[in-house]
Amino acid sequence: MRKAILPYLANPVVVVGALLSFGWLFVAALAPWLAPYDPIKTILPLMQPGAANPAGGIFLLGTDMLGRDILSRLIYGARTVVVFATLATVTAYLVGVTLGLIAGYWRGRVDAVLSYLANVVLSFPVLVLYIVIIVVIGSSPFNIVLAVTFGSAPAIFRIVRGITMDVASRDYVAAAVTQGERAWRIMVFDVLPNATGPLAVDFCLRLGYTAITIGTLGFLGLGLPPPTPDWGTMVNEGRGMAIAFPHLVIFPCLAISSLMLGLSLLADGLREVSDAQGRRT
């Protein structure tokens, strides 16, 4: 186990990406203890970063137009992004991996129908698809997860389907079939492990894209209902006063960018290590 982890720890890209990504996870988990103020409480409007609070304390990142502490809203907003982005991505993977294994292993009519449905969904621009779904069914945490799952699962399906079709033609899978192994056991224990490398990289990238999607939906007014702290909504609320009070949009944009950068670096590092290990074997 330790030898398997060491190549990843020796890669600086993986380390930096993991620090940025898991740093926000740490912030989200400890939000009640890290946030200096209630994120929805009105204190003093439009205070600059570093301004003193007459009641005691400092507004490190200032306050918004409603007098809410920006740092506290960023910290609690990390919960919104991390929790819902992770939940939506994991749900999309459960759907995409399951259907991809079935289509790639059984092929035939099942594969034709599932592939056709996936291609239909993928023919639409992803963001437009999300917006249409949210507008039709309404904005709520469950509906956002549902929209992201519906839009992301087909791409995951195609990855898993391709890997499954390749692995299913190998000799050890044929031997397992000859020995009478059940189809689900072959798919889970013989086929799926061969997809873990590509899927781990794709998961990190897709998690970042999902985080940006949730932020974009919030910016367009289709995110979580107020006053729930949301990075995209914070940018949308502050953009009208961004010239006079740039801190209203700078800090939420930096939060979104840092999370996306961390996940992208983590994906690149995992790919580098995986490729290096593949060349050695």
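The values are calculated or read from the model by the stated rules, or taken from the named source; none is laboratory data. Here the structure is a predicted model, which means the values were calculated and not measured. Heads up, the Cβs are rebuilt from the backbone with ideal geometry, glycines too, and the neighbour counts pull from every protein chain shown. Only protein heavy atoms, including side chains, enter the accessible area calculation; ligands, DNA and RNA are left aside. Shrake-Rupley method; radii C 1.70, N 1.55, O 1.52, S 1.80 Å.
Roughly how many debye, to the nearest 20, is the charge dipole of the chain about its Cα centre, given +1 on each Lys and Arg Cβ, -1 on each Asp and Glu Cβ, and no other charges? Working shown, then result.
Details: 18 positive and 14 negative charges, 90 e Å.
Using only the charged Cβ atoms, the result is roughly 440 debye.
Classify segment 16-154 as rounded, prolate or oblate from the Cα gyration tensor: take a ≥ b ≥ c as the square roots of its eigenvalues, call it rounded if a/c is under 1.5, otherwise prolate when a/b beats b/c and oblate if not. Present the calculation step by step, with values, prior to reporting the outcome.
Details: a/c = 4.09, a/b = 2.52, b/c = 1.63.
Judged from the Cα gyration tensor, segment 16-154 comes out prolate (a/c at least 1.5, a/b above b/c).
Pull out a ≥ b ≥ c, the square roots of the eigenvalues of the alpha-carbon gyration tensor of segment 205-272, then state rounded if a/c is under 1.5, prolate if not and a/b is larger than b/c, and oblate in the remaining case.
Values: a/c = 3.51, a/b = 1.77, b/c = 1.99.
Oblate, because a/c is 1.5 or more while a/b does not exceed b/c.
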What FRET efficiency comes out for the pair residue 136/residue 40, r = Cβ-Cβ distance, R0 = 25 Å, nearest 0.05? 0.30
Kirkwood hydrodynamic radius, segment 133-281, all distinct C-alpha pairs: what's the number in Å? 18.4 Å
For residue 58, the residues 5 or more places away or on another chain with a placed amide H closer than 5 Å to its own amide H are 53
Compare the Cα positions of 83, 153, 114 along the charge dipole of segment 68-202 (+1 at Cβ of Lys, Arg; -1 at Cβ of Asp, Glu; about the Cα centre) and return the one farthest towards the positive end. 83
According to a simple spin-label model (label point 7 Å from Cα along Cα-to-Cβ), what is the distance in nm between residue 30 and residue 253? 2.9 nm
So what's the net charge close to residue 35: Lys and Arg +1, Asp and Glu -1, counting the other residues with Cβ under 9 Å from its Cβ? -1
Using unit Cβ charges (K, R positive; D, E negative) and no other charged atoms, how large, in debye to the nearest 20, is the dipole of segment 174-260 about its Cα centre? 40 debye
Kindly report, to the nearest 10 Å², the accessible surface of residue 116 as traced by a 1.4 Å probe over protein heavy atoms only. 150 Å²
When you take every Cα atom in segment 110-183, what is the radius of gyration, and what is Dmax, the widest Cα pair distance, in Å? 17.2, 52
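So, for segment 210-281, what is the accessible surface per residue at a probe of 1.4 Å, expressed in square angstrom? Can you show the working numbers first?
Working: 3360 Å² over 72 residues.
Per residue, segment 210-281 has an accessible area of 47 Å².
Rounded to two decimal places and with Rh computed the Kirkwood way over Cα pairs, what is Rg over Rh for the chain? Working shown, then result.
Values: Rg = 22.3 Å, Rh = 20.9 Å.
The Rg/Rh ratio comes out at 1.07.
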7 Å from Cα along Cα→Cβ at both residue 90 and residue 127: what's the point-to-point distance in nm? 2.8 nm
Heavy-atom accessible area ranking, 1.4 Å probe, most first, across 131, 70: 131, 70
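Quick check on segment 85-151: what does the Kirkwood estimate of hydrodynamic radius come out to from the alpha carbon pairs, in Å? Mind showing how you got there, number by number?
On the way: mean 1/r = 0.0781 Å⁻¹.
That comes to 12.8 Å for segment 85-151.
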Once segment 1-80 is represented by equal point scatterers at the alpha-carbon sites, with solvent omitted, what log10 I(q)/I(0) does the Debye formula produce at q = 0.10, 0.13, 0.18, 0.21 Å⁻¹? -0.36, -0.52, -0.74, -0.88
